[in-house]
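The values are calculated or read from the model by the stated rules, or taken from the named source; none is laboratory data. Note that the structure is predicted; figures quoted are calculated from it, not measured. Note that we place each Cβ from the backbone using ideal geometry, even for glycine, and neighbour counts take in every protein chain shown. What goes into the accessible areas is simple: the full protein's heavy atoms, side chains included, and nothing from ligands, DNA or RNA. Shrake-Rupley method; radii C 1.70, N 1.55, O 1.52, S 1.80 Å.
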Amino acid sequence: MIRISLTPIPLRIAALTQERNSLFEYPVERLAGIIKEIGFRCTSCAKCCTRAFNGHVFLLDCDVSAVKALDPAALEPAPAPEFCDQNGIFYVSGYALRTQDDDAGSCWFLKNGRCRIYDRRFTICRIYPYMLHREPDERGTIDWRQFSGLDRHGEYNAVISEEESLDLARETKEYENAFLTQEIEFLGFMQEYFSRHRLRHVQKVYDDRLRRFNRGGEITVMVYYDGRLEKHRIRK
Ligand code: SF4
């Protein structure tokens with residue numbers, strides 16, 4: 001069962017806004033220094049392009065536009081919708097890349113271990129494995145994380161120039177800022193949308209519909225994109 005946040009929307013917006021302010025304050029040179037120190041080099045293992053390794057690939061709106069132009073079939077509503085109203089309609093903050101039906105859950109664009117659109121790959125694909133957001137560690141202490149999957153892919157201690165590490169750090173910060181902004185805008189939109197249509201999130205309806213979905217049933221998911229909602233009927 002997916003347990004979604006029951007924190008009221010205004011508090012969630014306030015928390016995300018605070019997170020974004022902290023992100024602004026994080027010195028780009030510090031992140032660049034960590035990138036340089038880790039010295040990650042991709043070995044083209046393609047693990048990071050699979051659901052088995054990475055869950056799902058969430059897309060920023062600008063990247064969704066690119067996928068729509070390339071191949072709309074590559075899009076699917078991101079998993080774990082944030083809301084479900086009393087009528088059983090789900091709402092999610094954006095799209096993810098669809099995966100193929102193989103065991104690893106390879107990205108739609110992965111073929112023979114290579115990205116078919118490498119030169120046009122999306123923001124998250126360009127910056128991965130770097131990140132900059134705060135998460136609790138195993139003791140529950142919340143701190144910044146700058147790297148995903150350390151020692152589980154790629155090779156380390158490569159020489160990365162000052163310029164390259166700064167470029168990567170800047171792009172990582174820009175991505176995290178865009179991600180938080182999209183989440184904040186989605187929550188603001190939902191607050192107004194629910195109020196205007198007299199809707200409310202109902203956890204029991206959420207759980208019942210999700211159970212039905214997991215047994216092969218069809219559900220309706222409204223995906224937030226470009227300041228509006230797009231409707232999808234989906235099956236597992
Ligand atoms: S678009 Fe390309 S780089 Fe991005 S996850 Fe898919 S295969 Fe990997």
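Need the failing condition index for ARG98 against (1) more than 13 Å from the ligand (Cβ to nearest atom); (2) farther than 30 Å from LYS36 by Cβ; (3) free of Cβ contacts under 8 Å to residues at least 60 places away in the same chain, just the number.
Going through (1) more than 13 Å from the ligand (Cβ to nearest atom); (2) farther than 30 Å from LYS36 by Cβ; (3) free of Cβ contacts under 8 Å to residues at least 60 places away in the same chain one by one, ARG98 breaks only (1).
From the list ARG126, ARG114, ARG139, ARG120, which one is touching a residue at least 60 places away in the same chain (Cβ under 8 Å) and loosely packed, with under 15 Cβ neighbours inside 10 Å? Write out each step before concluding.
Working: ARG126 fails: touching a residue at least 60 places away in the same chain (Cβ under 8 Å); ARG139 fails: touching a residue at least 60 places away in the same chain (Cβ under 8 Å); ARG120 fails: touching a residue at least 60 places away in the same chain (Cβ under 8 Å).
On inspection, the qualifying residue turns out to be ARG114.
Which of the numbered conditions does MET222 fail, given that it passes all the others? Conditions: (1) closer than 30 Å to ALA73 by Cα; (2) in a helix (DSSP H, G or I); (3) of a type in the set (A, V, I, L, M).
(2)
Residues of the range 101-118 being within 10 Å of the ligand (Cβ to nearest atom) and either under 18 Å from LEU60 (Cβ atoms) or not charged (D, E, K, R) (or both), which ones? Let's see the steps before the verdict.
Initially, the range 101-118 is screened for residues within 10 Å of the ligand (Cβ to nearest atom), giving 106-111, 113-118.
Result: SER106, CYS107, TRP108, PHE109, LEU110, GLY113, CYS115, ILE117, TYR118.
Take the conditions under 22 Å from THR220 (Cα atoms), free of Cβ contacts under 8 Å to residues at least 60 places away in the same chain and open to solvent by less than 50 Å² (accessible area, probe 1.4 Å) and apply them to ALA73. Does it pass?
Numbers: under 22 Å from THR220 (Cα atoms): yes; free of Cβ contacts under 8 Å to residues at least 60 places away in the same chain: yes; open to solvent by less than 50 Å² (accessible area, probe 1.4 Å): yes.
So ALA73 passes the test.
Sort out which residues of the range 5-46 are buried (at least 16 other Cβ atoms within 10 Å of the Cβ), within 16 Å of the ligand (Cβ to nearest atom) and closer than 28 Å to GLY94 by Cα, and write them in order of number.
Passing the criteria: only ALA46.
What is the one condition in (1) loosely packed, with under 14 Cβ neighbours inside 10 Å; (2) under 12 Å from PHE83 (Cα atoms) that LEU187 does not satisfy?
Looking at each condition in turn, LEU187 falls short on (1).
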